[in-house]
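Quick notes on the structure that follows.
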Amino acid sequence: MTPDQYCQNKAAKSGSSFYYSFLFLPPKQRRAIVSLYAFCREVDDVVDETEEHEIARIKLAWWREEVVHVFEDKAEHMVGKALQQTIKDFDLSQEHFIEIIDGMEMDLDYNAYPSFKELSLYCYRVASVVGLMSAEIFGYDDRKTLKYAHALGMAFQLTNILRDVHEDSVRGRLYIPLDELDRFGVTTNDLMANKTTDNIRALFKFQAERAQRYYNEAFELLPDCDRHPQRSGLIMSTIYRTILDEIENDGYRVLEHRTSLTPIRKLWLAWRTSRKEKQRHKAFLKNATAA
């Protein structure tokens, strides 16, 4: 198995919504983004699948060293070897890879966050940094696109937090800020029950509205000239925002069942968004030529 095949299998087996957005990329960009996604999965799995925190820290420390080896062209892991080509093809920062690992390690340091200020750092490291790296791979002309990528990463992570709140609570992790639980009169025990009270519904509505604000901010920041190269992010946003809409339409009953989309629906949303952005890009080029 080649490093690229390993990364492809890692991405495909995850069943993530992100995988569907990769399908519409040119081969060079698709190979790069899949290797980046595989890296994220590897370090995330260290935390999720290792029961002893100290062992997890040792494994994350190994990945920190592997990142250094990647930039020295001396990688040992399959994912690291795939990333060696990625960093040759695209301007990715070594510090960003380390920041992702720092974010994953926060799951070993925190089982709850006092306020959104602390949570936002976590979201930045595990999602916005990935968005910034993805933007480099997709390509852009206007640096404002990096602010779009940052906001979109926040929106994705906040959507994940709301969707997975019950599952995370059962595992002893809480990503909804504690001061917001207090504000809405909800306890941590309430989040482990399969019941949606009025207080819980109000709390989750508040979380959803925050995520929606980040989506809106991201779309306002994205320059028209970069919509086409950044279309994979727009595909992901369509899928993730549809999940958020489903949660809202279902009355925020995420404690009772997990909200998800079928693979065929994700593929249809990806195709529809790609087609829409292609048409929009043609109109943009036509208007630019006319001007």
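Things to note:
- Averaging 1/r over each pair of different alpha-carbon atoms in region 64-137 and inverting the result gives 13.2 Å, the Kirkwood hydrodynamic radius.
- Note on Ile58 and Asn249: with the Förster distance fixed at 51 Å, the Cβ-Cβ geometry gives a FRET efficiency of about 0.70.
- Taking the chain and dividing mean pair separation by its residue count, relative contact order in percent (alpha carbons under 8 Å, at least six apart): 19
- Cα coordinate range in the chain, projected on the principal axes (Å, largest first): 55, 50, 33
- Counting Cα-Cα pairs of region 116-173 in 10 Å increments starting at 0 gives whole-percent bin shares of 24, 45, 23, 8, 1.
- Approximate shape of region 1-140 as ellipsoid semi-axes (Cα gyration tensor, √5λ), whole Å, largest first: 24, 17, 15
- Our estimate of slack between Ile98 and Gln85, defined as 0.36 nm per intervening residue step minus the Cα-Cα distance, is 2.9 nm.
- Ranked from largest, the principal axis spans of the Cα set of region 141-212 equal 48, 23, 18 Å.
- Treating r as the C-beta distance of Asp73 and Asp142 and R0 as 30 Å, the FRET efficiency rounds to 0.40.
- Note on Glu209 and Met106: the model spin-label points, each 7 Å out from Cα along the C-beta direction, lie 2.4 nm apart.
- FRET efficiency, Cys225 to Glu256 (Cβ-Cβ, R0 51 Å, nearest 0.05): 0.70
- Per the Debye formula on identical point scatterers at the alpha carbon atoms of region 111-280, with no solvent, log10 I(q)/I(0) at q = 0.15, 0.16 Å⁻¹ is -0.84, -0.94.
- Cβ charges +1 (Lys, Arg) and -1 (Asp, Glu), total dipole of region 22-136, debye: 620
- Enclosing the Cα atoms of region 179-277 in their convex hull gives a volume equal to 107 cubic angstrom per residue.
- The alpha carbon centroids of region 139-204 and region 220-270 are separated by 16 Å.
- Spin-label pair Asp45-Asn194: with each label point 7 Å from Cα along the Cα-Cβ axis, the two points sit 3.0 nm from one another.
Each value in this text was obtained by applying a stated rule to the coordinates, not by laboratory testing. Values in this document were obtained by computation on a predicted structure and should not be read as measured data. In this analysis, Cβ positions are derived from the backbone assuming ideal geometry, glycine residues included, and neighbour counts consider all displayed protein chains.
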